[in-house]
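Below you'll find the structure, written out as structure tokens, and then a few comments.
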Amino acid sequence: MNRGLLDKSIREVWPMTVIIGGGLLALEILFARMLPTFYKNLSETVFQVEFIRQMIAAFLGTETAAVIGPAAMSAMAWVHPIVLTLVWVQAISVCTRVPAGEVDRGTIDVLLSLPVTRMNVYLAESVVWLATGLIVIAVGLCGNVIGGWSIEAKMTGTVGQRVWVCANLYALYVAVGGAAWVASSVCDRRGRAVGIALAILIASFVLNFLAAFNETFKRLSFLSVMDYYRPLFVLQGDVKPIKDILVLISLGASCWIAGAIIFARRDVRTV
Amino acid sequence: MGIIAIENLTKRYGRRVGVADLSLEVPEGAIFGFLGPNGSGKTTTIRVLLGLLRPTAGSARIFGMDCVREGHRIKAEVGYLPGDLRLYSWMTTELALRLISRIRGRELFQEGRRLIDVFGLDPAVRVRNMSRGMRQKLGLILALAHRPQLLILDEPTASLDPLMQAKLYRELRTLALQGHSVFLSSHSLSEVQELCAHVAILREGRLVAHESIENLRGRARRTVTIRWSGTAPGDGIPPPPFLTVVDRVPGEWRAVLTGKAMDLISWSATQPIEDLAIEEPDLSTLFQDYYQ
């Protein structure tokens, strides 16, 4: 591992990582603190409304019957669109830096004129991708633990359950990042790579959401990465999502390898 | 084998040909000029040498190593300045030297500081606050700091003032004298004439000339100005066969010398000539003939 390349990547990525980590910390403190209170205030009326239960079920990727209960509200802290957006932004922005980002800003010439292989560059960025994702999600977990400190475990889930949720979230981060790596390897413009990754992600999210309302979409839901991220099952049933984690990590790893092969073989032309 | 050996190199971009069947050897320890009009394939060739582009056919080797398979080893001893230099906006010169030192695994500060003094760059200014000329200087410092065996420079004097150009030329000549090689791509014909011992000229992806500057000088046209003495303004005097008169005004001829200078001097000794001026060989016209 070339330390200089690592150093360069860290310098470029740490400001955004701090902002996203800080945002996730604040959100998780807020959610862990507030959601159980929302549940107490709303459960007697709002959750009786079928449409609202369906919407919550769609967000959680589960059946409506499972929505009733404090675990459902706690799970919302981990599937809230803002939380997912922050995690996905971290993944996509780190994973589209090389090669698309470097080609787009024209710095790839200087970078690849150094005595490093393309794989050296790819690996250094990959280490930063994996490490910053771990940091961001760990910070989110800390926020959730801090926010739910004085709240009973049946409302927030045990720390062990939340660790499994975060492991599942990290696997989702890896899957999203893998898709972004492939997009970055085939594109010369970072914007285009981000667009492709976002399009895949949004399609996944929408497919998973609509699966709660429609049988056809439900049959196709296995195509969505969100189908392998179901915090409610972990918090409600103390299920360990090992299979889901393995599927997501395999997907991410396959895409990452594909991206590496493409980058190693392609022409690099600055635009 | 020269320090750079290109053999039957072809690079296609779909239907468009970037470089076609190029074979070229660059001798070691010299400053080699690489010329051609826009779109002639110079940058394509350089990018193949650096492993940024994969050849469609043929091969390119530096130090006897294949540019595609062993690029990272080659680049340990290559310094490169791109024609369109872009740097990381957050870098300062000092930070850049530190990072590049770590990436190259070599100490670059001593030579880097010397070059900072030579080019007069403030080491604390960030790239985002630099002018184009300052960025060009930083690019040159990063290319030169590890004293590479081979320098590949694409338009190195772009955005540099004449004083900095002179300093760069001095650095390049010193490197060449010490046995380092320079592969210089430039649009400045005067620069090539001043610095290079050999040139190669590309046109439409093909090599149209590859010879020493000395040979080119021998073939280049020389302009001659003859001022006739007042009583015999040159009318009625037939020009000799080695002189082609291109312009006549009363009392003066402007001509092109197509033969030897000694023949002209011998002939002019017998003529009522007041003044004779023979200009340096005009390589720019010769180059432009190749470009067309």
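Values quoted throughout were computed directly from the atomic coordinates according to the rules given, and no laboratory measurement underlies them. Just so we're clear, the structure is a prediction, and the values are computed from it rather than from any experiment. When we count neighbours, we look across all protein chains shown, and the Cβ atoms used for this are built from the backbone with ideal geometry, even at glycine.
A few points about this structure:
- Checked against a 28 Å cut-off, the cross-linked pairs A:Lys8/B:Lys137; A:Lys8/B:Lys75; B:Lys42/B:Lys260 give Cα-Cα distances beyond that limit for B:Lys42/B:Lys260.
- Charge dipole magnitude, Cβ of K and R +1, D and E -1 - region A:155-265, Cα centre, debye nearest 20: 200 debye
- Using the Cα coordinates of chain A, the gyration tensor eigenvalues translate into equivalent-ellipsoid semi-axes of 37, 20, 14 Å, sorted from longest to shortest.
- The orientation-averaged projected area of the convex hull spanned by the Cα atoms of region B:107-162 comes to 4.2 nm².
- By average C-beta atoms within 10 angstrom, highest first, the peptides B:49-59, A:143-153: B:49-59, A:143-153
- For A:Leu220, A:Leu112, order by how many other beta-carbon atoms lie within 10 Å, fewest first: A:Leu220, A:Leu112
- Counting neighbouring Cβ atoms within 10 Å and putting the fewest first, the residues B:Ile141, A:Ile262 line up as A:Ile262, B:Ile141.
- The protein assembly as shown - Kirkwood radius from inverse mean 1/r over Cα pairs (Å): 28.1 Å
- Taking every Cα-Cα distance in region A:75-223 and sorting them into 10 Å bins from zero, the calculated P(r) comes out as 11, 33, 30, 19, 7, 1 percent.
- Taking Cβ atoms as reference points and 9 Å as the exclusive limit, the residues near B:Phe242 contribute a net charge of 0, counting Lys and Arg as +1 and Asp and Glu as -1.
- Long-range HN-HN contacts of B:Ser181 with modeled amide H, under 5 Å: B:Gly29, B:Leu150, B:Leu151
- Angle in degrees between helix A:81-95 and the longest Cα principal axis of chain A, rounded to the nearest 10: 10 degrees
- Charge tally for B:Pro82 (other residues, Cβ to Cβ under 14 Å; Lys, Arg +1; Asp, Glu -1): +3.
- Relative packing of peptides A:6-12, B:38-44, B:63-69 - highest average C-beta neighbours within 10 Å first: B:38-44, A:6-12, B:63-69
- Residues whose amide H falls under 5 Å from that of A:Val239, counting only those 5 or more places apart or on a different chain, are A:Val234, with hydrogens built in the peptide plane.
- A:Ile82 paired with A:Arg269, simple spin-label distance in nm, labels 7 Å along Cα-to-beta-carbon: 4.5 nm
- Figure legend: label point modelled 7 angstrom from the Cα of A:Ile261 along Cα→Cβ; residues of region A:169-203 with amide N under 18 Å from it are A:178-187.
- The phi torsions of region B:277-285, fed into the Karplus equation with coefficients 6.51, -1.76 and 1.60 and a -60° offset, translate into couplings of 10, 10, 7, 4, x, 8, 6, 5, 5 Hz, rounded to whole numbers, with Gly and Pro shown as x.
- For the peptide A:102-111, the mean number of other protein chain Cβ atoms found within 10 angstrom of a residue's Cβ is 5.
- In this Cβ point-charge picture (+1 for Lys and Arg, -1 for Asp and Glu), the protein assembly as shown has a dipole of about 1300 debye about its Cα centre.
- Remark: region A:193-206, residue by residue, has Karplus-estimated 3J(HN,Hα) of 4, 4, x, 5, 4, 5, 4, 4, 5, 5, 4, 4, 4, 5 Hz, where x stands for each Gly or Pro and the curve is 6.51 cos²θ - 1.76 cosθ + 1.60 at θ = phi - 60°.
- Positive minus negative residues near A:Pro36 (Lys, Arg vs Asp, Glu; Cβ under 11 Å): +2
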